[in-house]
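Submitted below is the structure of interest, expressed as structure tokens.
The values are calculated or read from the model by the stated rules, or taken from the named source; none is laboratory data. Note that the coordinates shown come from a computational prediction; the quantities given were computed from them, not determined experimentally. Neighbour counts are summed over all protein chains in view; Cβ atoms, including those assigned to glycine, are modelled from backbone coordinates with ideal geometry.
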Amino acid sequence: MRLRRKRRILRCLRRRRELKPVSNNTQAIRRDDILLMSVVRNEKIRLPFFLEYYRKLGINHFLFVDNNSDDGSFEFLKEQADVSVWRTTTSYKRASYGLDWSNYLLRKYAHDHWVLSVDPDEFFIYPFCDTRPIRALTDWLDGSAVRSFGTMLIDMYPEGPVDADPYAEGQNPFEIARWFDPGNYMITKNPEYKNLWIQGGPRARVFFQDNPSKAPALNKIPLVKWNRRYVYVSSTHSLLPRGLNQVYDEWGGEKASGSLLHAKLINTLGEKAREELLRGQHYRGSGEYKAYATQLEDKPVFWCEWSEAYINWRQLEILGLMSKGNWA
């Protein structure tokens with residue numbers, strides 16, 4: 001595992017030449033700032049609300065890699081004072097699906113910072129997030145000598161077909177996609193990296209009903225007190241050193257955990273699926289996007305009689321989808 005980690009570090013150092021700074025405002029990062037890392041392509045429609053949401057949560061500075069967007073994404077990002085953005089026109093797939101780029105920027109700029117690594121359709125929810133900023137969480141984690149914080153990805157969806165209610169730039173996507181599956185999840189432990197592996201939810205029900213083992217993983221470890229020796233090895237599903245992956249209690253208790261509300265299942269999904277199929281830059285030959293493109297032709301409805309409308313984090317804790325642990 002130590003050798004794998006060193007190889008990952010060498011990979012990201014080699015790939016750093018692919019990143020061209022568009023707006024590097026990292027000189028403004030203060031020692032105790034909380035950072036956010038994201039790799040994006042053609043996400044201009046999502047970015048205004050994304051930035052608003054995380055600024056309100058307490059993020060101090062954003063690190064973005066723009067992978068050759070042509071919809072105005074990087075032009076928008078470079079105008080933001082609290083954003084640093086790098087642009088690359090090279091292969092997302094050859095860069096370990098963007099991990100080489102983000103691992104390099106985390107190594108260079110996030111050492112000894114709490115950093116949240118998320119996609120532009122993921123929105124971090126944690127215990128007491130309605131009354132406490134993210135710094136309250138990171139201060140508690142520091143005081144508890146905890147360096148990583150786990151979440152479960154919760155796919156949100158509308159009541160009707162995904163294309164029935166178009167999403168507008170700057171809109172809260174959960175005004176459209178306010179429903180989720182309260183159950184229907186499978187969980188195992190990865191024997192190699194010691195992380196949990198969670199699958200299920202509406203994408204497994206609709207897109208992978210014939211082969212649920214191929215459904216996307218829902219376990220993520222997005223919040224980490226970063227050290228330049230750390231690397232992500234599979235999206236934000238797992239890290240090295242392996243100890244960072246143990247965000248659960250093996251002895252019958254509960255560690256605090258959060259959720260990522262996933263705003264993927266809205267009308268933008270069809271266009272995104274077609275684009276990514278043409279590019280062929282995603283995992284398993286873009287198999288996930290092939291499933292999306294095929295099934296979306298039939299205008300599927302994710303809502304079912306067991307669907308629940310999202311209220312707040314306490315609802316998710318009652319359902320066992322996250323936990324406040326011993327954080328009071």
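Got at least one residue in the stretch 56-75 being within 22 Å of Ile221 (Cα to Cα) and without any contact (Cβ under 8 Å) to a residue 24 or more places away in the chain?
yes
Still on this structure, I have one more. Among residues belonging to the stretch 159-188 that are touching a residue at least 40 places away in the same chain (Cβ under 8 Å) and among the acidic types (Asp, Glu), point out the one that is nearest to Arg46 (Cα to Cα).
Glu169
Continuing with this model, one more query. Looking at (1) of a type in the set (Asp, Glu); (2) in contact with a helix residue (DSSP H, G or I) (Cβ under 7 Å, 6 or more places away or on another chain); (3) closer than 21 Å to Ile29 by Cβ, find the lone condition where Asp112 falls short.
Failing condition for Asp112: (2).
Residue by residue through the stretch 88-99, note down the ones that are more than 30 Å from Ala145 (Cβ to Cβ) and either assigned to a helix (DSSP H, G or I) or among the charged types (D, E, K, R) (or both).
Lys93, Arg94
Oh, and also: Picking from Ser238, Ser257, which residue would you name as being crowded, with 19+ Cβ neighbours inside 10 Å, modelled with pLDDT of 95 or more and in contact with a Ser or Thr (Cβ under 6 Å, 6 or more places away or on another chain)?
From the options Ser238, Ser257, the qualifying one is Ser257.
Name the residues in the stretch 48-87 that are under 18 Å from Glu276 (Cβ atoms) and either of a type in the set (Lys, Arg) or crowded, with 20+ Cβ neighbours inside 10 Å (or both), would you?
Val65, Asp66, Asn67, Ser73
With the checklist (1) more than 19 Å from Ser234 (Cα to Cα); (2) within 14 Å of the chain's Cα centre (by Cα) in hand, flag the one item Ser102 doesn't pass.
So Ser102 meets the others, but not (1).
Taking Ser84, is it hydroxyl-bearing (Ser, Thr, Tyr) and in a strand (DSSP E or B)? Please lay out each step first, then the result.
Values: hydroxyl-bearing (Ser, Thr, Tyr): yes; in a strand (DSSP E or B): yes.
Yes; evaluated as a whole, the condition is true for this residue.
Would you please name the residue that is surrounded by the fewest Cβ atoms within 10 Å (Cβ to Cβ), looking only at residues in the stretch 172-201 that are among the acidic types (Asp, Glu) and under 15 Å from Leu261 (Cα atoms)?
Glu175
Being within 15 Å of Asp33 (Cβ to Cβ), in contact with an Asp or Glu (Cβ under 7 Å, 6 or more places away or on another chain) and not in a helix (DSSP H, G or I), is that true of even one residue in the stretch 101-115? Break it down into steps so the answer makes sense when it comes.
First, the residues of the stretch 101-115 that are within 15 Å of Asp33 (Cβ to Cβ): 105-106, 108-115.
Pick out the ones that are also in contact with an Asp or Glu (Cβ under 7 Å, 6 or more places away or on another chain) and you get 113.
In the following step, the residues that additionally are not in a helix (DSSP H, G or I) were identified as 113.
Yes: one or more hits.
Something else: So His282 ticks every box in (1) of a type outside the set (Ser, Thr, Tyr); (2) within 16 Å of the chain's Cα centre (by Cα); (3) at pLDDT 95 or above but one. Which box is left unticked?
Failing condition for His282: (3).
Name every residue in the stretch 137-175 that is more than 23 Å from Lys264 (Cα to Cα) and either out of contact with any Cys (no Cβ under 9 Å at 6 or more places or on another chain) or part of a loop (DSSP other than H, G, I, E, B) (or both), in order of residue number.
Within the stretch 137-175, Thr138, Asp139, Trp140, Leu141, Asp142, Gly143, Ser144, Ala145, Val146, Arg147, Ser148 qualify.
If you check Asp142 against the conditions, is it of a type outside the set (A, V, I, L, M), closer than 30 Å to Ile34 by Cα and touching a helix residue (DSSP H, G or I) at 6+ places or on another chain (Cβ under 6 Å)?
It is false that Asp142 is of a type outside the set (A, V, I, L, M), closer than 30 Å to Ile34 by Cα and touching a helix residue (DSSP H, G or I) at 6+ places or on another chain (Cβ under 6 Å).
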